[in-house]
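Let me begin by presenting the structure, written as structure tokens, before commenting on it.
We did not get these values from a lab; they are worked out from the coordinates using the rules stated. Because the structure is predicted, anything quoted here is derived from the model rather than measured. Every residue, glycine as well, gets a Cβ built from its backbone with ideal geometry; the counts of neighbours run over all protein chains shown.
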Amino acid sequence: MRLKITEIFHSIQGEGLTAGVPTVFVRLTGCPLRCSYCDTAYAFSGGEYLDLGAILRQVAAYGTSHVTVTGGEPLAQAGCLPLLSALCDAGHVVSLETSGALDVTPVDPRVVRVLDLKTPSSGECGRNLYSNLAQLRAADQVKFVLADRADYDWAVQTAAQHGIGQRATVLFSPVHGALDGAVLAQWMLDDRLPYRLQLQLHKLLWGEEPGR
């Protein structure tokens, strides 16, 4: 079993419910989507093939309990599913960052699934696999990345229509450099939204530096 890996690195989790927690990131290469605001386009190609054992050894070397498997789109590689299970078996607290365009049903139930539901400005809104929402559990998270007011209004409507907030944690995140976080915060306060504002902590710390 081999997977194509862009990078494995140790950093501070910048997003979601474990923001601020030291985490090992395993970034898989490749993605079938091309979102307008993608900040990891360097993971679309390149990388190197590593077998499962080599990945597990690199992760273990950091001595950190939390592991995030990300991309690209990690589920685009068939080896992602056994990798997730192997990381859980090794005792890690594992999360998966996925676009939500691919079926999450076969993902190991021990894994926290973070679905990035694509907003209109992404250009990939039509790729959302809404059947994934029925698979959500209380530990899962759904992220809406917002570039403008139209994205925000769409996200509010979509979250309400599908009852996402009753199934999982809803995160509203501004596109870095496109939508001011304070503006988004005020919209959420004005609308009394019961969701979480998310800023990308790693970008506040290190900017656009890869491997951070």
Residues in the stretch 150-190 reached by a label modelled at LYS203 [backbone nitrogen below 18 Å; 7 Å Cα→Cβ]: 150-153, 155, 171-188
Nearest-0.05 FRET efficiency for ILE12 and ALA60, computed from C-beta distance (R0 22 Å): 0.70
Global form of the stretch 9-48, assessed from the alpha-carbon gyration tensor, a/c cut-off 1.5: oblate
Cα gyration tensor shape of the stretch 91-212, rounded if a/c is under 1.5, else prolate or oblate by comparing a/b with b/c: oblate
Residue with peak Gaussian network fluctuation, the chain [Cα springs, cutoff 10 Å], from GLY14, GLY177, GLY46: GLY177
Computed [θ] at 222 nm, deg cm²/dmol, the chain (DSSP H ≥ 4; -39,500 (n - 2.57); rounded to nearest 500): -7000 deg cm²/dmol
Taking N as its residue count, the alpha carbon Rg of the stretch 66-153 over 2.2 N^0.38 Å: 1.11
Aspartates and glutamates with Cα under 19 Å of LYS143, excluding same-chain neighbours fewer than 8 positions away: GLU15, ASP39, GLU73, GLU97, ASP103, ASP116, GLU124, ASP151, ASP153, ASP180, ASP191
Amide H within-cut-off set for SER99, under 5 Å, with H built and near neighbours excluded: ASP116
Convex hull projection area averaged over all views, the chain, Cα basis, nm²: 10.6
Span from the the stretch 22-86 Cα centroid across to the the stretch 153-188 one, whole angstrom: 26
